[in-house]
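Structure first, then comments.
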Amino acid sequence: MCEKFGLETTENDKCLPIMYWIPKMHKTPVDSRFIIASAKCSTKPLSKAVTKVFKLIFMQTKRFHAKSKFYSRFNKFWVVENSSTVIEKLNNINARKKAREISTYDFKTLYTKIDHANLVEKLDSIIDFAFKGGKNKVIRFNDYRAYWSKSKSGKSFFTKNSLKLVVKHLIENCYFNIGNLLFSQIIGIPMGIDPAPFWANLFLYTYESDFINKLIRENQPRALHYHGSFRFIDDKCCINGSGEFSRSFH
C-alpha cells in the first residue's frame, strides 16, 4: 500500500514490529507496560504520513472549537497538547481570585481497551468532519507536513475515502513478532504506532463533544460547568467545575 501513495519501504523497514516491556516506577506497587515497537516495520512510511495528516486534522478541529467556545461559551474540545494551557487557565483564575476547586482523573486503561471497529467508525466521522465544506478536496503530504490542496498530481495525497481506507488498514493489520511467534493485535490502539496519540485524543473527543451536545439540549447550566475541562491523552483535569465531572464520569 505504501507504493500507492509514493512512499518507499526501505530494506531496513521490511520487517515486523517487536514487543518490549517497560516498568512504571511511579506506581505503587511498581507496574509495567508492554509496547509494540514500530520504529522499524513495513507500514512505517505510511504511518508517518498518516500522523502528519492527523496532526493537520487535529489542529483544524481544535481551531473550530476555539471559535465555537468563544461564541457559545460551551467547551466541547478538552484536548491539550501540553501543560501550558492548563497553567494559563490557573494563572487567570488566581489573578481574579476566583479559584474554588481542582480535580484530576486518570484512565487506568485506555489504549488497550479501544475496540477496533469502534475506533475506525469514530475516526471515519472525524475525517468526514475535516473534509466537510471548502474547495480543497485532498490532503497532500511531504517529508515535513500535511496540507490541504486542490491538486491531485502525483501520488503524495489522500482523498477522504483513501484516508479512511489507510486508517482501517493500519488499525486492522497490526502484526508483531515475539521470538519466532507471530501475533495479530485485535483490540486496542498499538501504542508504538506513530499516529496513536492523535487517534486516542480524537477518539475520546468524539464522546466528549457528544456528551456536551447532549447536556446543551437537556441542561445548559450543567454544560457550562465544563469550561475548565482539560485532557492530555488519558489524564483529565477539571478546574472550577463545581464537581460536575465527578458526578458524571461513570
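Let's see how each residue does on (1) without any contact (Cβ under 8 Å) to a residue 24 or more places away in the chain; (2) not in a helix (DSSP H, G or I):
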| residue | (1), (2) |
| --- | --- |
| LEU16 | no, yes |
| TYR20 | yes, yes |
| ALA39 | no, yes |
| SER47 | no, no |
| ILE87 | yes, no |
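Residues in the range 81-103 include none that are of a type outside the set (D, E, K, R), surrounded by 15 or more Cβ atoms within 10 Å (Cβ to Cβ) and under 17 Å from the mean Cα position of the chain (by Cα). Against the test of being out of contact with any Phe, Trp or Tyr (no Cβ under 6 Å at 6 or more places or on another chain), farther than 21 Å from SER125 by Cβ, touching a residue at least 40 places away in the same chain (Cβ under 8 Å) and of a type in the set (Phe, Trp, Tyr), the options TYR205, TYR147 yield a single qualifying residue, TYR147. Out of everything in the range 119-132 that is open to solvent by 30 Å² or more (accessible area, probe 1.4 Å) and in contact (Cβ under 8 Å) with a residue 40 or more places away in the chain, what residue ends up being nearest to the chain's Cα centre (by Cα)? It comes out as LYS122. Selection of first residues in the range 218-243 that are of a type in the set (Gly, Ala, Ser) and of second residues that are part of a helix (DSSP H, G or I) and open to solvent by less than 20 Å² (accessible area, probe 1.4 Å), restricted to Cβ pairs under 7 Å at least 6 apart or on distinct chains, gives the following pairs, ordered by first then second residue: ALA223/ILE212; ALA223/LEU215; GLY241/TYR226; GLY241/GLY228. When the residues of the range 104-118 are filtered to those that are β-branched (Val, Ile, Thr) and surrounded by 12 or more Cβ atoms within 10 Å (Cβ to Cβ), the one that is modelled with the highest pLDDT is ILE114.
The values are calculated or read from the model by the stated rules, or taken from the named source; none is laboratory data. Predicted model only: the values in this text are computed from it and were never measured. Methodologically, a virtual Cβ is constructed for each residue, glycine included, from the backbone with ideal geometry; neighbour enumeration extends over all protein chains shown. Side chains included, ligands, DNA and RNA excluded: accessible areas come from the protein's heavy atoms. Shrake-Rupley method; radii C 1.70, N 1.55, O 1.52, S 1.80 Å.
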